[in-house]
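Visitor: The structure is given below, and queries will be raised subsequently.
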Amino acid sequence: MFGVKAASLVTENFSRILLVKPSAVGDVVHTIPLLVKLRGRYPQARIDWFITPENADLVRHHPALSGVVLFNRRSFGSFGRNWRATAGPFKLLSSWRKHSL
(Lines give C-alpha, C1' and ligand atoms only; values in the text may rest on other atoms or scores of the structure.)
Protein backbone atom coordinates (compact mmCIF):
# COMPACT_ATOMS: atom_id res chain seq x y z
CA MET A 1 0.00 0.00 0.00
CA PHE A 2 2.92 2.37 0.53
CA GLY A 3 3.25 3.02 -3.17
CA VAL A 4 -0.48 3.45 -3.78
CA LYS A 5 -2.07 6.89 -3.95
CA ALA A 6 -5.05 7.38 -1.63
CA ALA A 7 -7.40 8.10 -4.53
CA SER A 8 -6.67 4.71 -6.10
CA LEU A 9 -7.45 2.74 -2.92
CA VAL A 10 -11.04 2.44 -4.06
CA THR A 11 -10.04 0.63 -7.24
CA GLU A 12 -6.92 -1.20 -6.02
CA ASN A 13 -7.21 -4.98 -5.80
CA PHE A 14 -4.97 -6.05 -2.91
CA SER A 15 -3.86 -9.65 -2.68
CA ARG A 16 -2.39 -9.47 0.84
CA ILE A 17 -3.61 -7.46 3.83
CA LEU A 18 -2.19 -7.34 7.34
CA LEU A 19 -4.37 -5.96 10.14
CA VAL A 20 -2.17 -4.51 12.89
CA LYS A 21 -4.15 -4.40 16.11
CA PRO A 22 -2.05 -6.42 18.51
CA SER A 23 -3.17 -6.13 22.08
CA ALA A 24 -6.08 -4.05 23.39
CA VAL A 25 -9.05 -6.44 23.68
CA GLY A 26 -11.60 -3.67 23.09
CA ASP A 27 -9.77 -2.48 19.98
CA VAL A 28 -9.57 -6.04 18.67
CA VAL A 29 -13.30 -6.58 19.19
CA HIS A 30 -14.14 -3.24 17.56
CA THR A 31 -11.94 -4.08 14.54
CA ILE A 32 -13.75 -7.33 13.71
CA PRO A 33 -16.41 -5.51 11.60
CA LEU A 34 -13.56 -4.05 9.52
CA LEU A 35 -12.29 -7.57 8.91
CA VAL A 36 -15.72 -8.54 7.55
CA LYS A 37 -15.78 -5.45 5.28
CA LEU A 38 -12.26 -6.18 4.01
CA ARG A 39 -13.21 -9.75 3.17
CA GLY A 40 -16.29 -8.53 1.32
CA ARG A 41 -14.25 -6.02 -0.68
CA TYR A 42 -11.25 -8.31 -1.30
CA PRO A 43 -12.66 -11.87 -1.39
CA GLN A 44 -9.50 -13.38 -2.91
CA ALA A 45 -6.99 -11.59 -0.65
CA ARG A 46 -4.98 -13.21 2.08
CA ILE A 47 -5.95 -11.32 5.25
CA ASP A 48 -3.77 -11.88 8.32
CA TRP A 49 -3.99 -10.28 11.77
CA PHE A 50 -0.90 -9.16 13.69
CA ILE A 51 -1.92 -9.87 17.30
CA THR A 52 -0.62 -10.89 20.72
CA PRO A 53 -0.95 -14.54 21.75
CA GLU A 54 -3.31 -13.53 24.57
CA ASN A 55 -5.84 -12.13 22.08
CA ALA A 56 -5.31 -14.49 19.16
CA ASP A 57 -8.14 -16.82 20.15
CA LEU A 58 -10.60 -13.92 19.77
CA VAL A 59 -10.08 -13.93 15.99
CA ARG A 60 -8.11 -17.06 15.07
CA HIS A 61 -11.12 -19.00 13.74
CA HIS A 62 -12.99 -16.10 12.15
CA PRO A 63 -14.12 -17.18 8.66
CA ALA A 64 -13.01 -13.90 7.08
CA LEU A 65 -9.44 -14.28 8.35
CA SER A 66 -6.69 -16.20 6.56
CA GLY A 67 -4.33 -16.42 9.53
CA VAL A 68 -2.76 -14.80 12.55
CA VAL A 69 0.76 -13.49 13.02
CA LEU A 70 1.65 -13.75 16.68
CA PHE A 71 3.38 -10.80 18.29
CA ASN A 72 4.80 -11.46 21.73
CA ARG A 73 5.17 -7.91 22.98
CA ARG A 74 7.20 -8.91 26.05
CA SER A 75 9.95 -10.42 23.92
CA PHE A 76 10.57 -7.02 22.29
CA GLY A 77 10.93 -5.12 25.57
CA SER A 78 14.71 -4.86 25.20
CA PHE A 79 14.64 -3.61 21.62
CA GLY A 80 17.89 -1.73 20.95
CA ARG A 81 19.59 -3.07 24.07
CA ASN A 82 19.57 -6.77 23.31
CA TRP A 83 20.51 -8.36 19.99
CA ARG A 84 17.76 -11.02 20.10
CA ALA A 85 15.07 -8.42 20.90
CA THR A 86 16.39 -6.08 18.20
CA ALA A 87 16.49 -8.82 15.53
CA GLY A 88 13.05 -10.09 16.56
CA PRO A 89 10.90 -7.73 14.47
CA PHE A 90 12.92 -8.53 11.36
CA LYS A 91 12.55 -12.26 11.95
CA LEU A 92 8.84 -11.77 12.55
CA LEU A 93 8.37 -9.89 9.27
CA SER A 94 10.44 -12.46 7.40
CA SER A 95 8.34 -15.29 8.83
CA TRP A 96 5.11 -13.52 7.93
CA ARG A 97 6.26 -12.93 4.36
CA LYS A 98 7.20 -16.60 3.91
CA HIS A 99 3.85 -17.84 5.24
CA SER A 100 1.73 -15.37 3.33
CA LEU A 101 3.05 -16.05 -0.15
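Visitor: Take the range 17-58 and flag every residue that is open to solvent by less than 50 Å² (accessible area, probe 1.4 Å) and in a strand (DSSP E or B).
Guide: Ile17, Leu19, Ile47, Asp48, Trp49, Phe50, Ile51 - these are the residues of the range 17-58 that are open to solvent by less than 50 Å² (accessible area, probe 1.4 Å) and in a strand (DSSP E or B).
Visitor: Condition first: without any contact (Cβ under 8 Å) to a residue 60 or more places away in the chain and under 12 Å from the mean Cα position of the chain (by Cα). Now tell me which residues in the range 14-30 satisfy that.
Guide: Ile17, Leu19, Val20, Lys21, Pro22, Ser23, Val28
Visitor: Shifting gears a bit: Got a number for residues in the range 35-67 being more than 13 Å from the chain's Cα centre (by Cα) and basic (Lys, Arg)?
Guide: 3
Visitor: Would you check which residues across the range 40-57 are closer than 15 Å to Val68 by Cα and of a type outside the set (Phe, Trp, Tyr) and list them?
Guide: Ala45, Arg46, Ile47, Asp48, Ile51, Thr52, Pro53, Glu54, Asn55, Ala56, Asp57
The values are calculated or read from the model by the stated rules, or taken from the named source; none is laboratory data. As the structure is a prediction and not an experimental result, all values here were calculated from the model. Virtual Cβ from ideal backbone geometry, glycine too; neighbours counted across all protein chains shown. Note: accessible area is taken over every heavy atom of the protein model, side chains too, but ligands, DNA and RNA are not part of it. Shrake-Rupley method; radii C 1.70, N 1.55, O 1.52, S 1.80 Å.
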